[in-house]
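Chemist: Quick one: the structure is below, and I'll ask about it shortly.
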Amino acid sequence: MDQVIIRKEKAEDVESNAKVSKWKINIKKRKLLVYTLIYAFLGLLLLLSVIPFWIVLINSTRDGFAISTQGLTIRPGRSLAENYRILTTNANIIPAFFNSLKISTLVTILSGYFSALTAYGFHVYKFKGKNFLFGVILLFMMVPSQMAFLGYVQWMTRLGLMDTHTALIIPSVAAIGTVFFLRAYISSSLSRDLIESARIDGAGELHIFHRIALPLMGPGVATMSIFAFIGSWNNYLSARIILSSKSQETLPMVIASLRAMRIWHQNQGAIYLGFAISIVPIVVVFIFASKYLIENISAGAIKG
Amino acid sequence: MAKVTLKNIAKIYDNGFQAVKNINLEILDKEFMVLVGPSGCGKTTTLRMIAGLEKITLGESYIGETLVNDVEPKNRNIAMVFQNYALYPHMTVYDNLAFGLKIKKTPKDEIKERIERTAKILGIEPLLKNRPKQLSGGQRQRVALGRAIVRKPGVFLMDEPLSNLDAKLRVQMRAELIKLHNELQTTFIYVTHDQTEAMTMGSRICVMHDGVIQQVAEPKTIYNHPANIFVASFIGSPQMNFLQGRLSEKQGKIFATIEGLELELNEEASGKVKEKNYAGKEVMVGIRPEDVYLVNDNEGIQSKAEVSELLGCNLHIYFKINEKQYTLSTSPKVEVGFNERIFVSFDRDKLHLFDKETEETIL
Amino acid sequence: MKNINDKAGYFFITPFFLVFLLFNLYPILFTIYLSMTRYRGFGNMVFIGADNFKLIFRDPNVVNAFMNTIRIWGVNIFFQIFLALLLVMVFSDLEYKIKGLKFFRVIFYLPNLIAAATIALIFAKLLDRDYGVVNQLLFSVGWIDRSIGWLTRPLLAQMSVSGIQTWMWFGNSFILFMASVQAVNKEIFEAARIDGAGRLQILRHITLPSIKPILMYVIITGLIGGLQLFDIPFLITDGRGFPAGSLNTMIVYIYNMAFTYNNYGYASALSFALFLLIFMFTIIFALVTNRVEIKEYFRDRNERKAMNKTMNKAMEKAMPGGAPGMKGSEK
Amino acid sequence: MKNFKKIALILLVSLLVLTGCGGGSDDEPEVDADESKDYSQETLVIWSFTDELQTAGDLDRFEEMYTAPGMPFEGLQIEFSAIPIQDGYMDSVLPALSAGTGPDVFTGELDHIKLFIEAGYYANLEAMMEADPDVDVAAERADYLEYIWQSGVDPATDQLAALSWQQTPGAIFFKVDMAAEIWGSETGFPEEGSDNYNGEVSEWVSQNKFNTIENLLAAQEEVKAANAQWRLFPDDQAVRFFAAGTNNPVKWIDDDGKLNPEKITEQIPYIEMVEAMYGDTIRESLTANAAEWSGPWFEAMGQDLTDAQGEKWQVMAYSMPTWGLRYIIEPNMVKVDENGDLLPKPAEDADQATKDAYEEAEYKGNWGMAVGPNSYFWGGTYLGVNADTDNSEVAYAFIKSMLFDKERLAERQSIDGDMYSVSSVMTPVIESYEGRPALGGMNHLEVFNQEAEKIDLSNITTYDRGLNDLLGAHITNFKEGASGYDSISDVLSKFYDDVQVTYPEIYVEGLPTN
């Protein structure tokens, strides 16, 4: 910063006052400049972050001809319905949407419930082999899921679960990361006294879990569930490997298949509409849950 | 020369909150000035404005003869000790002390020499290689002080530096800080909410409330001549008792009637009352617990002892008059039982009289 | 301490472990078994021992895939961290108090939400050499006079993927960095300011050290993620890792080895090797981030040992025959 | 070949118009329906890598004949999936087949079916035919082209497992007027004015300019020399079919099951040609750098190509198989009005009358069809029945409706104009063929027919596609001057590295490196 130091004259002369006020004005000016630069930078990043969304949304309402000849505009076009028609005749996007919704919802529920159950079991009870079992979980947290996909495919083939949604849903019962997170969460949100007092009141173990523990773990479970939903909604690799028939396809698979379609170049509006359909639900979920989620990401940073 | 002068300083936050309203304060060179007041009174904000950590909204601030309103903190020739010490967690104690000097590109030998000397003063030589995490609260406190000392600043700013220590350590550090001030011969500006700290350490005390300075004076003056009800109640423990009183003039003498007890004021007080024309008016009478006596039956106001606390050198008795609770402090030899009937009277020379409206002192 | 209900714990963790064994552990073991066979996706699995693993050392594509990853990751991580730090500086400035942190956090996180599959295609569209919006824009401002093959020139394609990765992840890094900066006592920054540190000095001496663990986390997970990158390079290049193999990441390579060339055994061996690589990085990461703690742990242990020794000696003196229970009490 | 599915997508539009035309025969076919089954509860699942079965009306035809009310499989549902090869047809079908959840009927290109047969995924079609009193196996075998039939035979049983109604020989389609301008003064170049001018020019070009790899390269240089803005091919994908350069190509895999060194040597001239053709910019390149199936690639068929800098380029020739003429080139050819003047293609927002008029108008007829250094085929859809299917009678009935109903095939051929592999269908068509207007009246079916006879499919193996892919990747790197690719021996040694890890069972030491 500026190192200029203005000496204050002993006598309160006018000139010195003028100097001071002029200097103050300069500082104001410079501050304004700095603020302008900073906000311009933020604005630029903001644009970069949302511009692809914006292009997708706007272009999903325009026809392919307008997109390729008129470039970008701010005004939405009037071809939304037509794009929708083209998209749905060429791609199974609506069934895929519901497939994705079904898989993601079930994954979310299963991983949330069973992870809470498991974390609770690990936290509350002292049984033989507990530390060993938890150690196993920790170890396998480091094994990337991609590592096992070939074995998984072969195994599902033998089980007859290939090309079924089950093969994508069931593994979420054993969501290692979620269990790990919830076990840490539970130790700060659930006191043992509470469980013991419920026992004294005569509640059964499962009843205690459902009526007392689960509601108290609610926020933690909710956070991980939203991440589970987003992860499952966006999952491409394992869906592509497991699912093969058109009727089972998930949204990312259909989106990926757009690349190989004739409409990729010719009916760009429909392609963009496909993107929009895959993006909008997740963004809506996020906007509602953002405060919550970001705080939890942040909390993770501090603990980590 | 490290005189600090605040002229009509005010701090208004963006949300419109006025943390500090028009403060004028001159802190002399080598003075130990304590800013004291309840939390939210603006004392910390004032200190931070002196440090340059907060922008001054209105007014002018000088360090020495220099207007520092827009001077960066680093160029103000100050050092600051923070409430939570603010030690750099990833640096050793040595590096913590050296940080400011390194930035100023002080030669290495000199840094070493200065740190060693400082460490000696504070008795932290064995800790130099440790990290803050490995230190106890008291040790951290010393390191934080050391970091300030090592820079040889013109002004020391301290923001509640003792508040995170346990009671015993706090008393010990208090004495050390006074010693340190004497040794360093530098201006200290010290912020605290603890009136005991203020009374014991400050060469002068500035009592603040609601962003306004209530009184600036030496500790003794503050205690004996509080400028208003706020200062009177804030300084002193147990708190001063306040009672409704009525002044009356009888044959040129001024009497104060308190709960039926009539006391004649001394000459000095009487003079002030007459001069300010308070005779015949309702006033607020303040009396410190140590100036309340137990008297023989029917020689004072009748009351009932509710609780008594033995503090060792003193005995505090809580009693009620007209449903309001008051305190008196007396010798521990006195024995008063629970719910025992007592009679109290006041030292007429130690009465504090305050205007009921303005709450300013009359005397 | 034993509770009568503790057996119920098994009940609570049973579903998890059932699924874990069947759907996690078994496939992993199966993959390891596959990696020691020659299997074309049909017919017999021929057990061939370590042959597939020997091949890895002769396979230049593995090295290429790794180097590709390093390049893509390197450029991405540099810009990602640079941007995130710049933002942290902006939003943690003590003098210019910049508003809207919460708003910008949400906005900057948005790109992280979309399926990589969708992102790949959106950018394939935007960066298309002939029809892409980006080239269109550059032409219209007159910055280029020749279409740029963002996704067709090897190096550019790698850089494009880096850019996409940066776009996706800078917001996440920013949130993580900002959180760990905010977790630091604000007074420390003020102390540094009074100590005379300027913005860059504060960044270097205070901000960076205080976010170091999370910085390491971002760097290492970025590398691990890069090694496992699949959707974007796969879809941008029609599944081939072209141009010039520049987008051939390990998972794309493994995928093609298994499903295009039907060599499941070798693909499994590659998976296993990838796992070992990632495991190694994870360990290095754990060691590096906890360096100080580990050092201190060993120091403490040595001190404890030394202390135990002197204590034992003292005890031996006091009561010959050793110090019974010293070890037992540890448990 | 891998791009075949794109064509199928283009088929969609063209054929949607025509699907209405499929008429049915009245006689109910002989069917071995299972009386214990309630067919309205069953589903026939068909997967293909193109949507042709749907767009050409084959599914409708089957429904009409077999599943309509009163027909043997009344109420049966058909579930058809078209998964383009690039979108992972093989990635989807192989795991599904090995999991036993595969479709009842599935298609494949030649090397695909080799894999299916080797893995035992196709049922024995010949046995089903023999069990069918409607079908005379020997007669069918005689009617189908020998090489098409042979390529679908399972070597393990020596019986037919899959069969295709198509044959897909390829050629080089080129603009005759450009050829005349470049080579018109050379000896033997046909005089203009004859009835079969386009055919004669095609013949001359085939024999003088496209007959060897060396000549093909020289021809490109001549085109560029004749006019700096002209290029023979849109890009080097057009010459990939001529990698062998001979009609007796060596097998990739020799008799002892190892990589054949002779095949490598055979490829070298081709690699050199590709390298010579490549240039970073169009100006430096021998091609127009318009990648196959890209926008400019299509555009250049009928108009000048304008690059990003505004320079105009013209492309002369495309390598295309049978189906390419009708579905790819003709829709992009220029048309002329009654006076012979060029008729511009109407804009997208033009009114219907203008569009109709354009549709009706005649081709300029300035294209010819020449033969390259070797004959080749591209695409072709084989049909087979899943060995695991529970509905083999239905699956077989579908195959039968496609392959052995000659009336239907003839009708189908008359719509798509393709080369079919059934002589009873093709012989009358070729004999009565009046010539293709787009090719100036040339009888291109005759040429295709001759080409088809030269094609030897016996040397195709399951490794072909993989090996061509692996080598192709390195050739691309080499021509683009990627680092580490300084010579052909670099290409080869890197290719061997790939083979060694990808197909260790066929790798041998000591393969040629230059």
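Throughout, read-outs are computed from the coordinates displayed, never taken from laboratory work. Remember, predicted model here, so these are calculated numbers, not experimental data. With ideal geometry, Cβ positions are generated from the backbone for all residues, glycine too; neighbour counts draw on all protein chains shown.
Chemist: Pull up the cross-link candidates among the lysines for D:K454, meaning alpha carbon to alpha carbon under 21 Å and not fewer than 8 places away within one chain.
Modeler: Hits, sequence-local ones excluded: D:K114, D:K209, D:K251, D:K263.
Chemist: Take each of the peptides C:217-224, A:144-151, average the number of other beta-carbon atoms within 10 Å over its residues, and list them starting from the highest.
Modeler: A:144-151, C:217-224
Chemist: For region A:160-291, take the alpha-carbon Rg, divide it by the Kirkwood Rh, and send me Rg/Rh.
Modeler: Reported Rg/Rh (Cα atoms, Kirkwood Rh): 1.14.
Chemist: Using θ = phi - 60° and the Karplus relation 6.51 cos²θ - 1.76 cosθ + 1.60, list the HN-Hα couplings for region C:212-227 in order, rounded to whole Hz, with x at every Gly or Pro.
Modeler: Those phi angles translate into 4, x, 6, 5, 4, 4, 5, 5, 6, 5, x, 5, 5, x, x, 5 Hz.
Chemist: Would you mind telling me the antiparallel percentage of the DSSP bridges in chain D, rounded to 5?
Modeler: In chain D, DSSP labels about 70 percent of beta bridges as antiparallel.
Chemist: Can I ask one more? Just counting partner chain Cβ atoms within 10 Å, what average do the residues of peptide A:79-88 show around their Cβ?
Modeler: Values: counts 0, 0, 0, 0, 0, 0, 0, 0, 0, 0.
Whole-number average of other-chain Cβ neighbours for A:79-88 is 0.
Chemist: Taking the simple approach of a point 7 Å from Cα along Cα-to-Cβ for both D:E360 and D:D256, what is their distance in nm?
Modeler: Taking the simple label geometry, D:E360 and D:D256 are separated by 7.0 nm.
Chemist: Sticking with this one: How large are Rg and Dmax for chain D when calculated on the C-alpha trace, in angstrom?
Modeler: Rg and Dmax of chain D, Cα atoms, are 24.0, 75 Å.
Chemist: Which of the three applies to region C:60-295, rounded, prolate or oblate, going by the alpha-carbon gyration tensor with a ≥ b ≥ c and a/c under 1.5 meaning rounded?
Modeler: In terms of gyration-tensor shape, oblate.
Chemist: Counting Lys +1, Arg +1, Asp -1, Glu -1, what net charge surrounds B:G245 among other residues with beta carbon under 9 Å of its beta carbon?
Modeler: Around B:G245, the surrounding residues sum to -1.
Chemist: For region A:92-260, which semi-axes, largest first and in whole Å, follow from the square roots of 5 times the eigenvalues of its Cα gyration tensor?
Modeler: That gives 35, 18, 13 Å for the three semi-axes.
Chemist: On to the next question. Once the Cα atoms of helix D:261-277 and of chain D are each reduced to a long axis, what angle between those two axes, in degrees from 0 to 90 to the nearest 10, is obtained?
Modeler: So the helix axis and the longest Cα principal axis differ by about 50 degrees.
Chemist: Given the convex hull over the Cα atoms of chain B, what projected area results after averaging over all orientations, in nm²? Intermediate results must be reported in sequence, preceding the final value.
Modeler: On the way: hull surface 88.6 nm².
That works out to 22.2 nm², a quarter of the Cα hull's surface.
Chemist: Round to the nearest 10 and give me the degree value, 0 to 90, for the angle of helix D:406-416's Cα axis relative to the longest principal axis of chain D.
Modeler: Tilt of helix D:406-416: around 30 degrees.
Chemist: Mind checking the mean number of beta-carbon atoms from other chains within 10 Å of the Cβ atoms in A:287-296?
Modeler: Mean inter-chain Cβ contacts per residue within 10 Å come to 3.
Chemist: Moving on to the next point. Once every DSSP H run of n ≥ 4 in chain D is given -39500 (n - 2.57) and the sum is divided by its residues, what mean residue ellipticity at 222 nm do you get, rounded to the nearest 500 deg cm²/dmol?
Modeler: Computed mean residue ellipticity for chain D: -11500 deg cm²/dmol.
Chemist: Of A:K246/D:K479; B:K129/C:K212; A:K28/B:K74, which sit over 29 Å apart, Cα to Cα?
Modeler: Checking Cα-Cα distances, A:K246/D:K479 exceed 29 Å.
Chemist: Quick one: D:R231, B:R204, A:R192, fewest Cβ neighbours within 10 Å first, how do they rank?
Modeler: Ranked by crowding around the Cβ, least crowded first: A:R192, B:R204, D:R231.
Chemist: If you place +1 on the Cβ of every Lys and Arg and -1 on the Cβ of every Asp and Glu, how big does the dipole about the Cα centre of chain B come out, in debye to the nearest 20?
Modeler: Numbers: 48 positive and 47 negative charges, 380 e Å.
With only Lys, Arg, Asp and Glu charged at Cβ, the dipole is about 1820 debye.
Chemist: Considering only DSSP beta bridges whose two residues both sit in the protein assembly as shown, what percent are antiparallel, to the nearest 5?
Modeler: 75
Chemist: How do the peptides D:83-89, B:214-220 rank, highest first, by the average count of neighbouring beta carbon atoms within 10 Å per residue?
Modeler: For the peptides D:83-89, B:214-220, the packing ranking is D:83-89, B:214-220.
Chemist: Using alpha carbon centroids, what distance separates region D:391-439 and region C:25-73, in Å?
Modeler: Distance between centres, Cα-based: 46 Å.
Chemist: I've got another one for you. Between C:I211, C:I294, C:I56, which gets the highest mean-square fluctuation from a Gaussian network model of chain C, Cα cutoff 10 Å?
Modeler: Its mean-square fluctuation being the largest, the pick is C:I294.
Chemist: In addition: Excluding B:F255 itself, what net charge comes from residues whose Cβ is under 11 Å from its Cβ, given Lys and Arg +1 and Asp and Glu -1?
Modeler: Surrounding charge for B:F255 is +1.
Chemist: With helices defined as uninterrupted DSSP H runs, which ones in chain A have an alpha carbon span along their own long axis of at least 27 Å and mean Kyte-Doolittle hydropathy of at least 0.5? Write down the numbers at each step before the final one.
Modeler: Working: long enough: A:14-59 (63 Å, 0.95); A:93-124 (45 Å, 1.17); A:214-234 (29 Å, 1.08); A:268-303 (45 Å, 1.44).
The qualifying helices are A:14-59, A:93-124, A:214-234, A:268-303.
Chemist: Using bins 10 angstrom wide from zero, how does P(r) for the protein assembly as shown break down, in % of all Cα pairs?
Modeler: Final binned percentages: 1, 6, 11, 14, 15, 13, 10, 8, 7, 6, 4, 3, 1, 1, 0, 0.
Chemist: Which angle between 0 and 90 degrees, to the nearest 10, do you get for helix B:137-149 versus the longest principal axis of chain B when only C-alpha atoms count?
Modeler: 70
Chemist: Could you tell me which of rounded, prolate or oblate describes chain A, using a ≥ b ≥ c as the square roots of the eigenvalues of the alpha-carbon gyration tensor, with rounded for a/c under 1.5 and, failing that, prolate when a/b is larger than b/c and oblate otherwise?
Modeler: Working: a/c = 2.91, a/b = 1.23, b/c = 2.36.
Note, shape of chain A comes out oblate.
Chemist: In addition: Scattering from the C-alpha atoms of region C:166-276 alone, worked out with Debye: what is log10 I(q)/I(0) at q = 0.18, 0.19 1/Å?
Modeler: -0.90, -0.95
Chemist: Still on this structure, please answer the following. So between D:D351 and D:T187, what do we pick up on full extension, going 0.36 nm a residue minus the alpha carbon distance?
Modeler: 54.2 nm
Chemist: So, how do all the Cα-to-Cα distances of region B:241-354 break down into 10 Å bins, in percent, from 0 on up?
Modeler: Bin by bin from 0 Å, the calculated values are 14, 45, 27, 12, 1.
Chemist: Charges only on Cβ, +1 for Lys and Arg, -1 for Asp and Glu: so what's the dipole of chain C about the Cα centre, in debye to the nearest 20?
Modeler: For this selection, approximately 840 debye.
Chemist: What size of dipole, in debye to the nearest 20, comes out for the protein assembly as shown about its Cα centre when the only charges are +1 on Lys and Arg C-beta atoms and -1 on Asp and Glu C-beta atoms?
Modeler: 13320
Chemist: Less than 13 Å Cβ to Cβ from C:R105, Lys/Arg counted +1 and Asp/Glu -1: what total charge do the surrounding residues give?
Modeler: +2
Chemist: Now for a different question. Per 5 Å bin, what percent of the C-alpha pairs of region A:235-301 does each bin hold, from zero upward?
Modeler: Reading the bins upward from 0: 4, 14, 17, 16, 16, 14, 10, 6, 3, 0.
Chemist: Taking 0.36 nm per residue of sequence separation and subtracting the Cα-Cα distance, how much length would be gained by fully extending the chain between A:Y39 and A:R85, in nm to one decimal? Write out the running numbers ahead of the final one.
Modeler: Values: separation 46, 0.36 × 46 = 16.56 nm, distance 4.19 nm.
Working it through step by step, the gained length comes to 12.4 nm.
Chemist: Checking a compactness column here: for region B:1-93, what do you get for Rg(Cα) / (2.2 N^0.38 Å), N being the number of residues?
Modeler: Details: Rg = 14.0 Å, N = 93, 2.2 N^0.38 = 12.3 Å.
Normalised Cα radius of gyration, region B:1-93: 1.14.
Chemist: Under the rule of -39500 (n - 2.57) per DSSP H run of 4 or more residues, summed and divided by the residues of chain A, what mean residue ellipticity at 222 nm is obtained, to the nearest 500 deg cm²/dmol? Provide the component values of the computation, followed by the final result.
Modeler: Values: 15 runs with 225 residues, N = 304.
Rounded to the nearest 500, it is -24000 deg cm²/dmol.
Chemist: List, in the order given, every pair from B:K102/B:K133; B:K104/B:K152; A:K291/C:K102; C:K186/C:K295; B:K3/B:K112; A:K128/C:K7 whose Cα-Cα distance in the structure shown is over 18 Å.
Modeler: Numbers: B:K102/B:K133 22 Å; B:K104/B:K152 13 Å; A:K291/C:K102 8 Å; C:K186/C:K295 28 Å; B:K3/B:K112 29 Å; A:K128/C:K7 9 Å.
Over 18 Å apart, Cα to Cα: B:K102/B:K133; C:K186/C:K295; B:K3/B:K112.
Chemist: Using only Cα positions of region C:68-158, each an equal point scatterer, no hydration layer, compute I(q)/I(0) via Debye at q = 0.13, 0.25 Å⁻¹ and quote the log10 values to two decimals.
Modeler: Log10 I(q)/I(0), no solvent term: -0.67, -1.19.
Chemist: Here's a follow-up. Report, as an integer, the average count of C-beta atoms from other chains found within 10 Å of each Cβ along C:213-224.
Modeler: 1
Chemist: Take C:F66 and A:L48, extend 7 Å from each Cα along the Cα→Cβ direction, and tell me the distance between the two endpoints in nm.
Modeler: 3.1
Chemist: Can you pull the one-decimal nm distance between simple spin-label points at D:E35 and A:S145, each 7 Å off the Cα toward Cβ?
Modeler: In this crude spin-label approximation the distance works out to 5.3 nm.
Chemist: Then there is this: For the ranges D:206-215, C:229-238, what's the packing order if you count other beta-carbon atoms within 10 Å of each residue, average per peptide, and put the highest first?
Modeler: So the peptides D:206-215, C:229-238, ranked by packing, come out C:229-238, D:206-215.
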